[in-house]
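The values are calculated or read from the model by the stated rules, or taken from the named source; none is laboratory data. What you are looking at is a predicted structure, and each value in this text was computed from that prediction instead of being measured. Glycine also receives a Cβ, built like all others from the backbone with ideal geometry; neighbour counts cover every protein chain displayed.
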Amino acid sequence: MLTDSHCHLNYKGLIEDQAGVIARARAAGVGTMLNISTREREWDAIIATAATDPDIWASIGIHPHEADAHPDVDTAKLVARAAHPKVIGIGETGLDYYYDHSDRARQRASFRAHIAAARETGLPLIVHTRDAEDDTAEILADEMGKGAYAGVIHCFTASDAFADRALELGLYISISGIVTFKNARELQETAARIPEDRLLIETDSPFLAPVPHRGKPCEPAFVADTARFLADLCGTSVEALGAATTRNFRALFTKAATA
């Protein structure tokens, strides 16, 4: 059984046929999906979708692109909404200096507010980072010094050095369909050496469809293609990789495991 640790079931490309998307995921062997939020106005819908199925879960968070538009989303607001029984993670949050859609200082402040919420709730942090490795690593380490929290670097595309820093902090690393791309050699090399007990897989659907689905809206069902590719890369079976990544998901997202 496979787990899609990061998808956007309420986004354009999936929402139009959400029931079909979920059915196709089940047919592909996907047992669990984590439906991720990126804006406050999505929270109710994200949670409502999770409430329709015992194996679909939700997160509460503000994407770094949206930091400027959400100055009032602080730790207290995140903690309050995370009390819902279907909410199992805080994020996605983090830093994105590639697009710079929000002021960098505001991104950093929002990121720290999310980390504080993760620490207070005991729910894991879901981290987005792009072209911001040094600041991301510095904030993660600085905040870890204030008190431990769990988390995952989602859709990992960063350097070997950043992977090592994340692992040293006790974080998990999630691999998306990008690993199947022809130009992803460095990512493939990094993915192959992630410890089995710290590895997750995801689609980030409807984005980043893996080979052989490039050019199509991505779906949670396609996590099976990423799992097959990654299993071959790691010299294991897709069944073993699926079992390990599902076990890791439950170890990280303990609220889902104990529900």
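Considering each residue of the range 176-209, count those that are touching a Ser or Thr at 6+ places or on another chain (Cβ under 7 Å) and aliphatic (A, V, I, L, M), and give that number.
Taking the range 176-209 as the starting set, the residues that turn out to be touching a Ser or Thr at 6+ places or on another chain (Cβ under 7 Å) are 176-180, 187, 199-204, 208.
Filter again for aliphatic (A, V, I, L, M), leaving 178-179, 187, 199-201, 208.
Final tally of qualifying residues: 7.
This table checks each residue for (1) in contact (Cβ under 8 Å) with a residue 40 or more places away in the chain; (2) surrounded by 19 or more Cβ atoms within 10 Å (Cβ to Cβ).
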site	(1), (2)
178	no, yes
181	no, no
194	no, yes
203	yes, yes
210	no, yes
213	no, no
221	yes, yes
237	no, no
252	yes, yes
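If I filter the range 88-102 down to residues being surrounded by fewer than 24 Cβ atoms within 10 Å (Cβ to Cβ) and out of contact with any Lys or Arg (no Cβ under 7 Å at 6 or more places or on another chain), which single residue comes out as farthest from residue 70 (Cα to Cα)?
Looking at the filtered set, the residue picked out is 99.
Does any residue of the range 103-110 turn out to be at pLDDT 95 or above and either closer than 21 Å to residue 8 by Cα or crowded, with 24+ Cβ neighbours inside 10 Å (or both)? Explain how you work it out, then say what you get.
Of the range 103-110, the ones at pLDDT 95 or above are 103-110.
Going one step further and asking which of them are either closer than 21 Å to residue 8 by Cα or crowded, with 24+ Cβ neighbours inside 10 Å (or both), we end up with 107, 110.
Among the residues of the range 103-110, at least one is at pLDDT 95 or above and either closer than 21 Å to residue 8 by Cα or crowded, with 24+ Cβ neighbours inside 10 Å (or both), which makes the answer yes.
If a residue has to be surrounded by fewer than 16 Cβ atoms within 10 Å (Cβ to Cβ) and more than 23 Å from residue 225 (Cα to Cα) to count, how many in the range 17-61 make the cut?
Residues in the range 17-61 being surrounded by fewer than 16 Cβ atoms within 10 Å (Cβ to Cβ) and more than 23 Å from residue 225 (Cα to Cα): 9 in total.
Only one of these is touching a residue at least 12 places away in the same chain (Cβ under 8 Å), small (Gly, Ala, Ser) and more than 26 Å from residue 158 (Cβ to Cβ): 23, 48, 80, 28. Name it.
Values: 23 fails: touching a residue at least 12 places away in the same chain (Cβ under 8 Å); 48 fails: touching a residue at least 12 places away in the same chain (Cβ under 8 Å); 80 fails: touching a residue at least 12 places away in the same chain (Cβ under 8 Å).
Answer to the selection: 28.
If a residue must be surrounded by 17 or more Cβ atoms within 10 Å (Cβ to Cβ), assigned to a loop (DSSP other than H, G, I, E, B), free of Cβ contacts under 8 Å to residues at least 60 places away in the same chain and small (Gly, Ala, Ser), how many such residues does the range 112-162 contain?
Total satisfying the criteria: 2.
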